[in-house]
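The values are calculated or read from the model by the stated rules, or taken from the named source; none is laboratory data. These numbers were taken from a predicted model, which means no experiment stands behind them. Reconstructed Cβ throughout: ideal geometry from the backbone, glycine too, with neighbour counts over all protein chains shown. We work out accessible area using only protein heavy atoms, side chains counted, and drop any ligands, DNA or RNA first. Shrake-Rupley method; radii C 1.70, N 1.55, O 1.52, S 1.80 Å.
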Amino acid sequence: MLTLETQNLTHRFTPHDIAVNNVNLRVEHGSIYGFLGPNGAGKTTTLRLVLGLLRKQEGSIRVFGDLFEQSRLEVLRNVGSLIESPSLYGHLTARENLVVLQKVYRCAPGRVDEVLALVGLPHTGRKRVSQFSLGMKQRLAIAVALLPQPALLILDEPTNGLDPNGIIEIRELLKHLNQEWNTTILISSHLLAEIERLVTHVGIINKGTIMFQGTLDALRSKQQQSLQVVLDTSNPDLSQQLLHQQNIAATQHDGKLILPSLPKEHLAAINQQLVHHDIKVFEIGIVKNDLESIFIDLVK
Amino acid sequence: MTRSFFNSLQSEWLKTKRSLATWIVLVGAFFTPVIIIVVRIIYHDTLATSYASPTFWATLWRNAWESIAIFLLPMGSILTTSLIAQLEYKNNTWKQLHTLPLSLATIFFSKLAIIVFMLVQFFVLFNVGIYLAALVPYLVVAGVPYPTAPIPSDLFVRETLLFFLDTLPIVGLQYLLSLHYKNFLVSIGTGVILWIAALGSLKWKFGFAVPYTYPIFNYLKSLPDNKIAAPLVSVHVMAVIYFVVFVGVGFWLFVSKREKG
Ligand SMILES: Nc1ncnc2c1ncn2[C@@H]1O[C@H](COP(=O)(O)OP(=O)(O)OP(=O)(O)O)[C@@H](O)[C@H]1O
Ligand SMILES: [Mg+2]
């Protein structure tokens with residue numbers, strides 16, 4: 001079942017500039033979906049559209065199976081969100097900020113202290129939010145998103161401004177929410193590495209267009225496909241010729257040969273053959289493209 | 001609908017805690033009464049006669065309202081309304097507010113209700129202030145009698161209600177402007193310009209068409225030779241019409257905003 005689904009979602013801020021282009025998000029129930037893309041890719045714009053913060057222009061949005069505009073209130077009651085920079089009342093304390101929202105969500109008053117403890121912000125007392133550090137504000141903003149015990153949590157770069165420890169804490173918290181309460185989480189980021197250990201699914205967006213969407217495993221198998229072998233020999237031209245005779249596509253790079261990934265045995269045979277032709281083999285290596293470089297390839 | 005409106009009211013009320021707007025209401029309501037008390041204590045030798053006068057309360061009422069009706073009430077309403085609405089822009093909280101399970105009408109009208117409530121709060125406190133302005137000199141200065149004339153409470157209530165109606169157009173237009181424009185100088189600036197225009201158009205035959213003139217008209221009507229052009233229609237009716245129109249247009253603009261936050 002899909003918790004969130006968009007169809008051909010398209011948005012233009014100006015007639016010629018397309019910020020979001022035919023985006024078909026598919027966020028499965030119970031998944032943690034990493035929404036990745038470089039600056040200006042259209043992540044925030046997509047998330048604002050999904051929450052109704054931007055007037056929809058083209059396409060459709062379904063949350064919990066219902067069209068957003070037809071069941072806006074019902075949907076929003078079950079969605080927690082944090083979009084870009086924290087959205088908090090500076091003249092109020094952390095608790096007061098949460099009570100303002102607790103009244104509207106009608107959740108139990110005890111929930112306020114619960115979420116403050118969850119995000120590691122239990123003792124700020126009478127301190128106004130305007131005097132908080134960036135990381136403290138970010139934590140409070142996450143508490144705000146968690147307040148209604150949402151079935152869907154939408155977080156736009158939630159770890160912005162957090163220290164390394166904070167990043168790990170929040171990651172653990174999100175994992176916990178996902179496992180314990182089956183909360184579906186949609187989380188955006190610039191860095192695959194940052195959310196790689198958290199997400200089950202990935203969507204990669206660039207210049208408003210989705211470049212990849214699927215499970216993290218599907219992305220990993222893309223990585224497997226991109227394994228390559230480097231061969232450094234004393235006679236690259238002859239080596240290349242020999243390989244081509246065996247129908248192995250090899251290309252030269254800086255005097256080295258690059259060939260697709262092959263079984264170990266096959267590599268050993270190639271080595272023997274080269275030596276047999278009096279070619280010295282200096283190096284046989286495997287280049288491993290990490291997920292990050294796949295990501296960078298996709299958004300190039 | 002009604003329940004979430006009530007919840008939204010509670011939420012909006014909490015937001016005004018410690019805000020500048022709350023202070024403006026408090027300071028505005030007791031500003032003139034405090035000045036009157038200080039002046040009376042300084043010139044205490046004239047008090048015995050004035051406290052015995054049959055027109056004691058009417059004179060006090062007029063003195064208390066002078067700076068309020070002409071200056072503090074319009075300015076205070078401009079500032080308070082803009083500050084309350086601007087709270088969301090200033091804190092970048094529109095996006096949070098718009099992702100709450102609240103209809104646009106609930107958001108718009110609960111915020112407006114809080115502003116109107118603060119206006120009511122101001123009038124109540126100001127009436128208390130006026131009473132204190134009579135009471136404190138009597139308690140503090142020896143030999144001053146308690147005012148012999150009875151408190152004309154029907155005058156107080158009627159005039160307060162009229163001033164309330166007359167201030168509503170200011171609230172309505174300031175609310176519209178400060179919801180619509182992110183830059184709060186637009187709403188404050190427009191407010192100040194309209195107030196100056198109101199002062200300048202009092203002698204003009206059609207001065208009553210300027211929406212910020214009504215508290216001033218209502219105050220000046222009681223002065224003997226006020227030199228103002230008598231409004232051709234009831235300013236109170238005009239005030240209510242303007243308020244309804246401003247709120248209607250304001251709501252329409254609010255609903256049709258493309259970017260909610
Ligand atoms: N309010 C706006 N008015 C006009 N253009 C906008 C507006 N907001 C975003 N854009 C444009 O839309 C495009 C996508 O921006 P968006 O904020 O969605 O990117 P993003 O993926 O969230 O980037 P980042 O990682 O920097 O947060 C950009 O080209 C941006 O200039
Ligand atoms: Mg963004």
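Just so you know, in segment B:127-161 the residues that are outside any helix (DSSP H, G or I) and open to solvent by 50 Å² or more (accessible area, probe 1.4 Å) include one that is farthest from residue B:54 (Cα to Cα), and it is B:142.
Which residues, counting only those in segment A:148-189, are in contact with a strand residue (DSSP E or B) (Cβ under 7 Å, 6 or more places away or on another chain), more than 16 Å from ligand 2 (Cβ to nearest atom) and in a loop (DSSP other than H, G, I, E, B)? Of everything in segment A:148-189, those that are in contact with a strand residue (DSSP E or B) (Cβ under 7 Å, 6 or more places away or on another chain), more than 16 Å from ligand 2 (Cβ to nearest atom) and in a loop (DSSP other than H, G, I, E, B) turn out to be A:148, A:150, A:151, A:183.
Got at least one residue in segment A:263-281 being without any contact (Cβ under 8 Å) to a residue 12 or more places away in the chain, over 30 Å from residue A:157 (Cβ atoms), more than 16 Å from ligand 2 (Cβ to nearest atom) and not in a helix (DSSP H, G or I)? Taking every residue of segment A:263-281 in turn, at least one turns out to be without any contact (Cβ under 8 Å) to a residue 12 or more places away in the chain, over 30 Å from residue A:157 (Cβ atoms), more than 16 Å from ligand 2 (Cβ to nearest atom) and not in a helix (DSSP H, G or I).
Go through B:101, B:54 for me and flag whichever is more than 17 Å from the chain's Cα centre (by Cα), outside any helix (DSSP H, G or I) and more than 12 Å from chain A (Cβ to nearest Cβ).
Numbers: B:101 fails: more than 12 Å from chain A (Cβ to nearest Cβ).
Among B:101, B:54, only B:54 is more than 17 Å from the chain's Cα centre (by Cα), outside any helix (DSSP H, G or I) and more than 12 Å from chain A (Cβ to nearest Cβ).
Restricting attention to segment A:167-214 and to residues that are more than 10 Å from residue A:34 (Cα to Cα) and hydroxyl-bearing (Ser, Thr, Tyr), the residue that is surrounded by the most Cβ atoms within 10 Å (Cβ to Cβ) turns out to be A:184.
Between A:156, A:163, the distinction of being of a type in the set (D, E, K, R) and either within 16 Å of ligand 1 (Cβ to nearest atom) or within 14 Å of chain B (Cβ to nearest Cβ) (or both) belongs to A:156 only.
In this structure, is residue A:101 outside any helix (DSSP H, G or I), surrounded by 16 or more Cβ atoms within 10 Å (Cβ to Cβ) and not hydroxyl-bearing (Ser, Thr, Tyr)? Before the answer, list the steps.
On the way: outside any helix (DSSP H, G or I): no; surrounded by 16 or more Cβ atoms within 10 Å (Cβ to Cβ): yes; not hydroxyl-bearing (Ser, Thr, Tyr): yes.
When the stated conditions are applied, residue A:101 does not pass them.
Among the residues that make up segment B:179-200, is at least one of them among the charged types (D, E, K, R) and in a helix (DSSP H, G or I)? Within segment B:179-200, none of the residues are among the charged types (D, E, K, R) and in a helix (DSSP H, G or I).
If you go through segment A:112-123 one residue at a time, do you hit one that is touching a residue at least 24 places away in the same chain (Cβ under 8 Å) and farther than 22 Å from residue A:166 by Cβ? Don't jump to the end; show me each part of the working.
First, the residues of segment A:112-123 that are touching a residue at least 24 places away in the same chain (Cβ under 8 Å): A:112, A:115-116, A:118-121.
In the following step, the residues that additionally are farther than 22 Å from residue A:166 by Cβ were identified as none.
No, because not a single residue in segment A:112-123 is touching a residue at least 24 places away in the same chain (Cβ under 8 Å) and farther than 22 Å from residue A:166 by Cβ.
Scanning segment A:236-268 for residues that are surrounded by 13 or more Cβ atoms within 10 Å (Cβ to Cβ), closer than 23 Å to residue A:222 by Cα and among the hydrophobic types (A, V, I, L, M, F, W, C) yields a count of 7. Counting only residues that are of a type in the set (Phe, Trp, Tyr), in contact (Cβ under 8 Å) with a residue 60 or more places away in the chain and within 14 Å of chain A (Cβ to nearest Cβ), which one in segment B:1-49 is least open to solvent (accessible area, probe 1.4 Å)? Out of the qualifying residues, it is B:5. Determine whether segment A:115-127 contains at least one residue that is open to solvent by less than 10 Å² (accessible area, probe 1.4 Å), of a type outside the set (Ser, Thr, Tyr) and within 13 Å of chain B (Cβ to nearest Cβ). No: zero hits. Between A:47, A:73, the distinction of being open to solvent by less than 20 Å² (accessible area, probe 1.4 Å) and either assigned to a helix (DSSP H, G or I) or away from ligand 2 (no atom under 14 Å from the Cβ) (or both) belongs to A:47 only. Each residue in segment A:131-160 was checked for being within 17 Å of residue A:90 (Cβ to Cβ), open to solvent by 40 Å² or more (accessible area, probe 1.4 Å) and touching a Leu at 6+ places or on another chain (Cβ under 9 Å), and 3 pass. With respect to (1) touching a Lys or Arg at 6+ places or on another chain (Cβ under 7 Å); (2) within 16 Å of ligand 2 (Cβ to nearest atom); (3) within 14 Å of chain B (Cβ to nearest Cβ), the lone exception for residue A:41 is condition (3). Starting from residues that are within 16 Å of ligand 1 (Cβ to nearest atom) and more than 7 Å from chain B (Cβ to nearest Cβ), keep the ones in segment A:80-104 and report whichever is farthest from residue A:116 (Cα to Cα). Going through the qualifying residues, I end up with A:84.
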